[in-house]
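What follows is a short report on a single structure.
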Amino acid sequence: MGLFTLEGQHVVIVGGSSGIGLATAHLAQQLGAMVTLVGRNPERLQWAAAELGGVRSAIADAADEAAIHRALADLPPIHHVYVAAGSFVGGDVLTGEMATFRRAIDTRVWGAVHVVRAAVPKMSGAGSLIFTGGLSSDRPVAGAWATAVSTAAAEQLARALALELAPIRVNAIAPGWTETPMWNDILGSDKQAMFGQVATQVPVKRLSTAADVAQAVIFLMTSPTVTGEVVHVDGGHRLV
Ligand SMILES: NC(=O)c1ccc[n+]([C@@H]2O[C@H](COP(=O)([O-])OP(=O)(O)OC[C@H]3O[C@@H](n4cnc5c(N)ncnc54)[C@H](OP(=O)(O)O)[C@@H]3O)[C@@H](O)[C@H]2O)c1
């Protein structure tokens, strides 16, 4: 058995049809895992499942507790879960839409709680859960307070549940700027200019790829004594 193996293990990725979640699914599969993808958009999910081949998929919105329970109900025993569901949510606290702000927290924080409650009974007291935080927990950006609050909460949820759910391990991944489809709609035609500007700022002089972040998610799945940890994959952005 190799050092990094997921042979014979079942990995569930909520938010697995794009970006970091999809890259994690690819890597997990290469390491021998059975993979289940969960996401909202059926076409996206179908496309991702076809890209990977040989995976299960289930449609559910992480923010919808009943839908998450339905999606996970018929799955075989689960070994690892990565909750990637979420997005960058902008909006000034005084003028932004309350529904948009609530949605950010409903997805990333309540979504993670819904997944925990549906998945843990299928985990036989071992394995790991990974939530998604982000750079903005440490470096909030004006006009994106809901992202900062929800990512910080997801990271704290990992620390708190690492105690409560032990010996199941619970960790968080905190990506910095990462080149994924998430930015296509948010930045539109400004995307390449923004990426270029960020690349000049960060110590490693480039953005992360989805595969860079996925590698760290796999590290968290396969490291038997790492729990309550937040792994930052941000090219050193927090330091500058
Ligand atoms: N890219 C970055 O620079 C960056 C930086 C820091 C943190 N992050 C975080 O990392 C995570 C992955 O981001 P990404 O860049 O890989 O984004 P992405 O390419 O947009 O992928 C997001 C995935 O999550 C799914 N998803 C979104 N909301 C969901 C919901 N409510 N319920 C179920 N599935 C949902 C999406 O599919 P559907 O839309 O079809 O559901 C998709 O599969 C997100 O939480 C994001 O906020 C990203």
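The values are calculated or read from the model by the stated rules, or taken from the named source; none is laboratory data. Bear in mind that the values here come from a model prediction, so they are computed numbers and not experimental data. Backbone-built Cβ (ideal geometry, glycine too); neighbour counts: all protein chains shown.
How many residues does the range 160-175 contain that are within 23 Å of Ser17 (Cα to Cα) and either within 11 Å of the ligand (Cβ to nearest atom) or in a helix (DSSP H, G or I) (or both)?
The qualifying residues number 4.
Looking at the range 118-126, can you tell me whether even one residue there is within 16 Å of the ligand (Cβ to nearest atom), closer than 28 Å to Asp185 by Cα and in contact with a strand residue (DSSP E or B) (Cβ under 9 Å, 6 or more places away or on another chain)? Before the answer, list the steps.
First, pick out the residues of the range 118-126 that are within 16 Å of the ligand (Cβ to nearest atom): 118-119.
Within this subset, residues satisfying the condition of being closer than 28 Å to Asp185 by Cα are none.
No; the residues of the range 118-126 include none that is within 16 Å of the ligand (Cβ to nearest atom), closer than 28 Å to Asp185 by Cα and in contact with a strand residue (DSSP E or B) (Cβ under 9 Å, 6 or more places away or on another chain).
Which condition number does Ala58 fail, the rest of (1) within 13 Å of the ligand (Cβ to nearest atom); (2) buried (at least 19 other Cβ atoms within 10 Å of the Cβ); (3) more than 20 Å from Thr107 (Cα to Cα) being met?
So Ala58 meets the others, but not (3).
Do you know which of the residues in the range 61-86 that are of a type in the set (Val, Ile, Thr) and near the ligand (Cβ under 10 Å from one of its atoms) is nearest to the chain's Cα centre (by Cα)?
Val83
Please list, ordered by first then second residue, the pairs with beta carbon atoms under 7 Å, 6 or more apart or interchain, first in the range 176-190 and more than 16 Å from Ser17 (Cα to Cα) and acidic (Asp, Glu), second within 9 Å of the ligand (Cβ to nearest atom) and at pLDDT 95 or above.
The qualifying pairs do not exist here.
Looking only at the range 199-233, count every residue that is within 12 Å of Leu135 (Cβ to Cβ) and either touching a Ser or Thr at 6+ places or on another chain (Cβ under 7 Å) or loosely packed, with under 15 Cβ neighbours inside 10 Å (or both) and tell me the total.
5
What number goes with the only condition from (1) touching a residue at least 24 places away in the same chain (Cβ under 8 Å); (2) near the ligand (Cβ under 10 Å from one of its atoms); (3) in a helix (DSSP H, G or I); (4) surrounded by 16 or more Cβ atoms within 10 Å (Cβ to Cβ) that Ser136 does not pass?
Against the list (1) touching a residue at least 24 places away in the same chain (Cβ under 8 Å); (2) near the ligand (Cβ under 10 Å from one of its atoms); (3) in a helix (DSSP H, G or I); (4) surrounded by 16 or more Cβ atoms within 10 Å (Cβ to Cβ), Ser136 comes up short only on (1).
So is Ala144 within 15 Å of the ligand (Cβ to nearest atom) and either acidic (Asp, Glu) or crowded, with 23+ Cβ neighbours inside 10 Å (or both) or not?
No.
Which residues, taken from the range 183-228, are away from the ligand (no atom under 11 Å from the Cβ), over 18 Å from the mean Cα position of the chain (by Cα) and among the β-branched types (Val, Ile, Thr)?
The answer is Thr200, Val202, Val204, Thr225.
Hey, among the residues in the range 100-131 that are in a helix (DSSP H, G or I) and in contact with a Leu (Cβ under 7 Å, 6 or more places away or on another chain), which one's surrounded by the most Cβ atoms within 10 Å (Cβ to Cβ)? So that I can check it myself, show each step before the final result.
Taking the range 100-131 as the starting set, the residues that turn out to be in a helix (DSSP H, G or I) are 100-122.
Of the ones still in play, those that are also in contact with a Leu (Cβ under 7 Å, 6 or more places away or on another chain) are 109, 112, 116, 118-120, 122.
Values: Val109: 22, Ala112: 28, Val116: 22, Ala118: 24, Ala119: 22, Val120: 18, Lys122: 17.
It comes out as Ala112.
For every residue, the table says whether it meets (1) within 30 Å of Ala142 (Cα to Cα); (2) part of a strand (DSSP E or B); (3) of a type outside the set (Lys, Arg).
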{"position": "Thr5", "(1), (2), (3)": "no, no, yes"}
{"position": "Ala28", "(1), (2), (3)": "no, no, yes"}
{"position": "Leu37", "(1), (2), (3)": "no, yes, yes"}
{"position": "Glu51", "(1), (2), (3)": "no, no, yes"}
{"position": "Ala58", "(1), (2), (3)": "no, yes, yes"}
{"position": "Ala62", "(1), (2), (3)": "yes, no, yes"}
{"position": "Pro76", "(1), (2), (3)": "no, no, yes"}
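Have a look at Gly8, Gly32, Gly39 and point out the one that is near the ligand (Cβ under 10 Å from one of its atoms), of a type outside the set (Phe, Trp, Tyr) and either touching a Phe, Trp or Tyr at 6+ places or on another chain (Cβ under 6 Å) or in contact (Cβ under 8 Å) with a residue 24 or more places away in the chain (or both).
Exactly one of Gly8, Gly32, Gly39 is near the ligand (Cβ under 10 Å from one of its atoms), of a type outside the set (Phe, Trp, Tyr) and either touching a Phe, Trp or Tyr at 6+ places or on another chain (Cβ under 6 Å) or in contact (Cβ under 8 Å) with a residue 24 or more places away in the chain (or both), namely Gly39.
Applying the selection to the range 149-169, what residues are more than 15 Å from the chain's Cα centre (by Cα) and buried (at least 20 other Cβ atoms within 10 Å of the Cβ)?
Leu161, Ala162, Ile168, Arg169
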